[in-house]
Amino acid sequence: MAEPKSLAFTHNGHSTTIEVKPGRTLLDVLRQDLNLTGTKQACDNEGECGACTVLVDGEAIRSCLTPVEKVAGRRVVTIEGLGTGDHLHPVQQAFVDCGAVQCGFCTPGMILSAVALLAREPKPSREQIVGAMEGNLCRCTGYSNIIEAIEAAAASMRREAVPRRKESQIIGGSQMRVDAKDKVTGAALYAEDIQMPGLLFAALVRSPLPHARVLKVDASPALRLSCVVRVLTEADIPGRNDLEGYSRNEHLLAATGDSVRMVCDAVALVVAETVELAREAAAAVHVEYKPLPHTYDA
């Protein structure tokens, strides 16, 4: 196992030196070691969603694909270093003003990609904005408000008049989201951002087959691993083993003798002291299946 090495770089204007094992991603170090949870992980470290975008020497990069060694001696800026609730960066303010924030999970990466664009192109065309943001996936907004926000921020940074956005009348007054500032500054906490003493992590054991009967679940290989706390199966569920009111005839965990009905159907849940150990233990659980007929089209 590789030994930790000393690594020095600057994050959000602060010089820091940390001990890290080679091969760790910048995203993991930012979130786990420096508690900068505004940088998000949403695509299993495949670099597809842009939620993990940060600036390295002013360039927007995917921190989930960047080995932390590559930022040695360089300047890293995360959403927490861009602006605060009282002193927002123009791009952050524009996202608030233009209603470009909904769930907010993709917002930090969106904003930092926009900041990098405006640094190299102060007066971008609409096509340039779309091109710069194509690697940042948003599931909520439809992008129109995001593009409008970047155009407004560009005008503001050029000290040009920004057209006032016409607000429709609603009962109670302002349409501004009450949590918008927290979301554009990275202060908003989501489930994966919460840290507390004794926190445990879970990983699902999932079916590799689209349709099969579960013959046996052997958790003993996983339980032999250190720091594994528990392996839960259908027998451990005290109440209903289904999603009543949400998805008809869908189980929480497939029972022995029951069938899985899609690839990645859940069979067991492993609980461990770290997310890496939980995933390793989930892979160690041995499940015997009897394949059943299946079809892939209507």
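Of the candidates 222, 212, the single residue that is out of contact with any Lys or Arg (no Cβ under 9 Å at 6 or more places or on another chain), surrounded by 15 or more Cβ atoms within 10 Å (Cβ to Cβ) and more than 30 Å from residue 38 (Cα to Cα) is 222.
Among the residues of the stretch 235-291, count how many are part of a strand (DSSP E or B) and either without any contact (Cβ under 8 Å) to a residue 60 or more places away in the chain or basic (Lys, Arg) (or both). The total comes to 5. Of all the residues in the stretch 1-37, those that are in a strand (DSSP E or B), open to solvent by less than 70 Å² (accessible area, probe 1.4 Å) and out of contact with any Phe, Trp or Tyr (no Cβ under 9 Å at 6 or more places or on another chain) number 7. Pairing each residue of the stretch 62-89 that is buried (at least 19 other Cβ atoms within 10 Å of the Cβ) with any residue that is basic (Lys, Arg), provided the two are 6+ apart or on different chains, yields C-beta distances under 7 Å for 68/24.
If you go through the stretch 260-298 and pick out every residue that is open to solvent by 30 Å² or more (accessible area, probe 1.4 Å), touching a Leu at 6+ places or on another chain (Cβ under 6 Å) and among the hydrophobic types (A, V, I, L, M, F, W, C), you end up with 1.
Kindly indicate whether residue 235 is surrounded by 15 or more Cβ atoms within 10 Å (Cβ to Cβ), at pLDDT 90 or above and aliphatic (A, V, I, L, M). No; evaluated as a whole, the condition is false for this residue. For beta carbons closer than 9 Å, sequence separation of 6+ or different chains, a first residue in the stretch 178-201 that is more than 30 Å from residue 90 (Cβ to Cβ) and a second that is modelled with pLDDT under 95 and small (Gly, Ala, Ser), there are no qualifying pairs. In this structure, is residue 106 touching a residue at least 60 places away in the same chain (Cβ under 8 Å) and crowded, with 20+ Cβ neighbours inside 10 Å? For residue 106, the condition - touching a residue at least 60 places away in the same chain (Cβ under 8 Å) and crowded, with 20+ Cβ neighbours inside 10 Å - is met.
The values are calculated or read from the model by the stated rules, or taken from the named source; none is laboratory data. The structure displayed is predicted, hence computed values, not measured ones. So basically every Cβ, Gly included, is an ideal-geometry build from the backbone, and we count neighbours across all protein chains shown. These accessible areas exclude ligands, DNA and RNA; they are computed on the full protein's heavy atoms, side chains included. Shrake-Rupley method; radii C 1.70, N 1.55, O 1.52, S 1.80 Å.
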